[in-house]
Amino acid sequence: MYAWTIFIHILGLFAFLLAHGASAGASFALRRENNLERIRALLMLSGSAHSLMYPSLIVIVLSGILAGFQGNWWISGWIWLSLILLIVLVVAMYAMGGMLYSAARRAAGLPYFEKGKVQPAQPAKSQEEIEQAIQKANPVLLLAFGYAGLALIAWLMIFKPF
């Protein structure tokens with residue numbers, strides 16, 4: 001049963017990375033885009049990835065917790081640190097990216113997220129305000145932070161150093 005739990009854990013990760021890759025690709029393309037309709041399309045693409053990203057994150061967490069019990073890993077420090085790092089990573093990525101891209105969606109006249117809930121679209125702001133909202137996010141920093149965090153969690157899970 002443990003092997004199946006790990007398999008589901010990894011499948012959850014694949015789904016998460018697939019969905020998150022769409023958002024990441026859109027974030028890099030947005031930095032170079034100035035056509036309002038294309039900006040809106042990229043922001044909608046990024047937002048639509050959430051329908052797979054968050055459920056897959058739940059699968060990752062639940063299967064990881066279950067695997068922790070099945071493997072009797074909760075007595076080890078690496079699993080606790082992995083869970084803490086995942087929580088820090090999710091909160092930081094939301095603060096560094098999610099909130100900023102939500103503000104860009106709002107500026108572009110699209111539905112946006114506020115306090116975890118979808119808000120209705122408002123009239124679009126000026127092109128300059130939309131571009132300023134997009135430029136506040138730093139996709140390179142998001143990529144580096146996310147990659148480093150996931151790499152560290154993977155290292156902890158594979159090598160179980162303590």
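Each reported figure results from applying straightforward, stated rules to the coordinates on display, with no laboratory input. All values derive from a computational prediction rather than experimental measurement. Reconstructed Cβ throughout: ideal geometry from the backbone, glycine too, with neighbour counts over all protein chains shown.
Tabulated data
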| read-out | value |
| --- | --- |
| Positive-end residue of Gly64, Pro123, Leu52, charge dipole of the range 2-159 with Cβ unit charges | Pro123 |
| Among 34-42, 140-148, the order from most to least packed when residues are scored by Cβ within 10 Å on average | 34-42, 140-148 |
| Total charge dipole magnitude, the chain, about the Cα centre, Cβ charges on Lys, Arg, Asp, Glu only, Debye to nearest 20 | 80 |
